[in-house]
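Chemist: Got a structure for you, questions after.
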Amino acid sequence: MDPNRTIERRRSSLLLLRLLVVVLLWSGLALGTFSVGSSPHRVLRDLLSEEQLLEVEDLSLALLQGGRMGPLSLPPDLPDLDPECRELLLDFGNSSAELTGCLVRGARPVRLCQTCYPLFQQVANKMDNISRAVGNSSESHSCARSLLMADRMQIVVILSEFFNSTWQKANCANCLTNKSEELSNSTVYFLNQFNHTLTCFENNLQGSTHSLQLRNYSEVCKNCREAYKTLSSLYSEMQKINERESKAEFGTHLCIDVEDAMNITRKLWSRTFNCSVPCSDTVPVIAVSVFILFLPVVFYLSSFLHSEQKKRKLILPKRLKSSTSFANIQENAN
């Protein structure tokens with residue numbers, strides 16, 4: 001027997017049963033069998049068995065939920081999703097849930113770009129599939145209109161904008177290739193050097209394992225100095241390349257994964273281990289500073305030695321000369 005025909009026959013019998021209940025109810029009221037103040041639900045319980053009552057209730061719920069029961073079905077123009085559009089919506093929802101979980105798991109330490117870029121590309125592709133479903137004619141069904149513009153909230157659009165904004169703030173494009181299909185070579189090399197530096201820190205720790213303050217970090221500073229200098233130089237070189245290529249606007253940084261890795265390393269090196277890297281340009285800097293400091297001394301000394309010194313000459317006034325001569329004459333006369 002055809003199952004569809006069986007289902008249709010059952011639906012027809014349930015519909016006839018409901019119509020029979022209505023007729024009996026009105027006839028009972030008309031003949032005075034039931035009082036006017038009687039509860040309809042109580043009346044139905046008196047007329048029908050328990051199983052028949054459950055079937056009538058299921059039929060009512062099916063009608064309220066949009067079940068199509070032949071000529072008495074709900075109008076077909078209700079805002080229900082097409083199966084294809086519903087599939088696109090479910091795909092976007094599943095991809096968004098996976099990307100959200102990846103972002104949360106990679107929050108600390110920051111591992112957003114290196115672990116979540118495949119999921120971000122997947123969400124972007126799902127959003128493109130929805131956007132490309134726009135129909136050219138008003139008669140054609142448009143999944144984009146149903147999913148992106150059908151209500152005031154626009155949940156799908158809000159989620160897509162959130163993911164794009166997070167990706168841009170993290171500057172993940174600076175860690176990926178041009179097509180964002182994989183990590184760039186410089187990023188992979190930096191992350192490998194970062195892991196090598198952390199491994200060096202861990203292998204050279206000495207002393208008590210209960211308190212960081214009681215440990216001896218002399219071996220860390222001595223044995224891991226070259227690894228730290230290499231990582232720091234590589235980070236500075238990546239910054240210069242980023243500024244020169246101008247991948248983003250002025251003032252932006254490298255991707256958040258690289259920045260967070262370098263910040264962690266510098267914090268461990270300077271604050272936790274209290275290590276320092278001697279600068280190779282210290283001697284030239286000191287020499288230039290001393291030369292600039294003594295420039296004024298040299299200038300004034302050379303000016304003093306090369307300037308013409310005038311001897312002081314005592315010039316006596318004429319009155320003083322005449323009075324002196326007169327005093328001499330008087331002494332001679334006496």
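The values are calculated or read from the model by the stated rules, or taken from the named source; none is laboratory data. Computed from a predicted model, the values in this text were never measured in an experiment. Note: accessible area is taken over every heavy atom of the protein model, side chains too, but ligands, DNA and RNA are not part of it. Shrake-Rupley method; radii C 1.70, N 1.55, O 1.52, S 1.80 Å.
Chemist: Being part of a helix (DSSP H, G or I) and at pLDDT below 90 is the filter here, so list the residues in segment 244-280 that pass it. Can you show your working first?
Modeler: We begin by selecting, within segment 244-280, every residue part of a helix (DSSP H, G or I); these are 244-245, 256-272.
Correct list: ARG244, GLU245.
Chemist: Of the conditions (1) over 20 Å from ASP82 (Cα atoms); (2) at pLDDT below 85, GLN122 fails just one. Which one is it?
Modeler: GLN122 satisfies all of (1) over 20 Å from ASP82 (Cα atoms); (2) at pLDDT below 85 except (2).
Chemist: If you don't mind, there's one more thing I want to ask. Out of the residues in segment 128-145 that are at pLDDT 85 or above and of a type outside the set (Val, Ile, Thr), which is farthest from ASP80 (Cα to Cα)?
Modeler: Filtering segment 128-145 down to residues at pLDDT 85 or above leaves 128-131, 144-145.
In the following step, the residues that additionally are of a type outside the set (Val, Ile, Thr) were identified as 128-129, 131, 144-145.
On the way: ASP128: 22, ASN129: 19, SER131: 19, ALA144: 14, ARG145: 12 Å.
Among them, the one singled out is ASP128.
A quick yes/no check of all residues on (1) within 13 Å of TYR235 (Cα to Cα); (2) at pLDDT 90 or above; (3) open to solvent by 20 Å² or more (accessible area, probe 1.4 Å):
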| residue | (1), (2), (3) |
| --- | --- |
| ASN185 | no, yes, yes |
| ASN192 | yes, yes, yes |
| LEU198 | no, yes, yes |
| LEU205 | no, no, yes |
